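The values are calculated or read from the model by the stated rules, or taken from the named source; none is laboratory data. Computed from a prediction, not measured in an experiment: that's the story for all the values here. Here Cβ is always computed from backbone atoms with ideal geometry, including for glycine, and neighbour counts include all displayed protein chains. What goes into the accessible areas is simple: the full protein's heavy atoms, side chains included, and nothing from ligands, DNA or RNA. Shrake-Rupley method; radii C 1.70, N 1.55, O 1.52, S 1.80 Å.
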Amino acid sequence: MNDESVTAQLRDRLEDLAAEIGVARKRLDLGHLAALCFCEVRPWARRAGEGTLADLSWRLSIQPLPLDRTTFLAQIDRLIEELEQACSRAGVESAADTLRQARAE
C-alpha cells in the first residue's frame, strides 16, 4: 500500500483503529483487543491491500486460546507492529506513533 492507493476513507478508518487499539492495549483489555484485531483490523487490511496484516489477524483469530496473557499480548504486539508499518506506508505517522507508544507501556 502507498499514499496514492489509500483512500481518504481508509486513511480515516486507520487513524480510528490506531486510536482504539492504542487505548485497548494501554488498558490491557484483552477481549477488546481480540475483537478489534479480527472484526476491525482484518476487514480494513483486506480492503487496503495489506495482506500480511490481514493474515496476522486471521491467524490470531483461528488459533486455540493461548495458555497465558503474556503469549497473547506478544501476538497482539506483533500485529500492532505490522499495523504501525501500514500507518507509515499510508502517511499517517501520528497513528503509527500512537501504536508505538501503546506497545511501549
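For the range 59-105, taking the residues that are more than 29 Å from Gln9 (Cβ to Cβ) and charged (D, E, K, R), the one that is farthest from the chain's Cα centre (by Cα) is identified as Asp68. None of Leu83, Leu60, Leu56, Leu79 is in contact (Cβ under 8 Å) with a residue 60 or more places away in the chain and either part of a helix (DSSP H, G or I) or buried (at least 20 other Cβ atoms within 10 Å of the Cβ) (or both) except Leu83. Scanning the range 66-76 for residues that are aliphatic (A, V, I, L, M) and over 12 Å from Gly31 (Cα atoms), we see that the one that is surrounded by the fewest Cβ atoms within 10 Å (Cβ to Cβ) is Leu67. Name, by its number, the condition in (1) in contact with a Cys (Cβ under 8 Å, 6 or more places away or on another chain); (2) in contact (Cβ under 8 Å) with a residue 40 or more places away in the chain; (3) open to solvent by 40 Å² or more (accessible area, probe 1.4 Å) that does not hold for Arg89. Here Arg89 clears every test but (1). Per the conditions (1) under 12 Å from the mean Cα position of the chain (by Cα); (2) open to solvent by 50 Å² or more (accessible area, probe 1.4 Å), the sole criterion not satisfied by Glu50 is (2). Exactly one residue out of Asp16, Asp12, Asp97 is in a helix (DSSP H, G or I), among the acidic types (Asp, Glu), surrounded by 15 or more Cβ atoms within 10 Å (Cβ to Cβ) and without any contact (Cβ under 8 Å) to a residue 60 or more places away in the chain: that is Asp97.
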